[in-house]
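The values are calculated or read from the model by the stated rules, or taken from the named source; none is laboratory data. Keep in mind that what you see is a predicted model, and the values were worked out from it rather than measured. In this analysis, Cβ positions are derived from the backbone assuming ideal geometry, glycine residues included, and neighbour counts consider all displayed protein chains.
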Amino acid sequence: MELIGYPELAAHKAEHQTLLVSARLLQDRISASGYLPVVCHRFAFLRSWLLNHIVGTDKLLANFMAQAREQDMSADALEELGLIGTS
């Protein structure tokens, strides 16, 4: 993501960090209480987070990467036709 200059990199990393913090809190709560409903609630949270992240944030990243690839391919085609110079 850094290599292609993805503009939402910081937000994307923050989402992953939030997940890690939540997972650590979950682990601590389970260890401390052994309470099964807590586990079920957190797995529901994790499932929801992953689905929303993949469908939302990761989809935006995939679209950005596809556009970057198309632009690179377009630049290559224009260069091959001699319409733009080499970088």
Practice task
Look at R24 and say whether it is of a type in the set (D, E, K, R) and surrounded by 13 or more Cβ atoms within 10 Å (Cβ to Cβ).
Solution key: no
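Listed here are the residues, each with its yes/no results for (1) within 12 Å of the chain's Cα centre (by Cα); (2) acidic (D, E); (3) not in a helix (DSSP H, G or I).
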{"residue": "I4", "(1), (2), (3)": "no, no, yes"}
{"residue": "K13", "(1), (2), (3)": "yes, no, no"}
{"residue": "Q17", "(1), (2), (3)": "yes, no, no"}
{"residue": "V21", "(1), (2), (3)": "no, no, no"}
{"residue": "V39", "(1), (2), (3)": "no, no, no"}
{"residue": "F43", "(1), (2), (3)": "no, no, no"}
{"residue": "L51", "(1), (2), (3)": "yes, no, no"}
{"residue": "G56", "(1), (2), (3)": "yes, no, no"}
{"residue": "K59", "(1), (2), (3)": "yes, no, no"}
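I'd like the full set of residues that are β-branched (V, I, T) and more than 30 Å from R69 (Cα to Cα), limited to region 1-43.
V21, I30, V38, V39
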Problem - Pair list, Cβ < 7 Å and 6+ apart or interchain, from region 60-72 residues that are farther than 18 Å from E15 by Cα and modelled with pLDDT under 80 to residues that are among the aliphatic types (A, V, I, L, M) and surrounded by 13 or more Cβ atoms within 10 Å (Cβ to Cβ) - result: M65/I4; A68/I4
Completion exercise
When every residue in region 41-75 that is surrounded by 12 or more Cβ atoms within 10 Å (Cβ to Cβ) and among the charged types (D, E, K, R) is compared, the one farthest from R29 (Cα to Cα) is D58
Practice task
Kindly indicate the residue of region 27-37 that is surrounded by fewer than 10 Cβ atoms within 10 Å (Cβ to Cβ) and either in a helix (DSSP H, G or I) or aliphatic (A, V, I, L, M) (or both) and also modelled with the highest pLDDT among those meeting that condition.
Solution key: A32
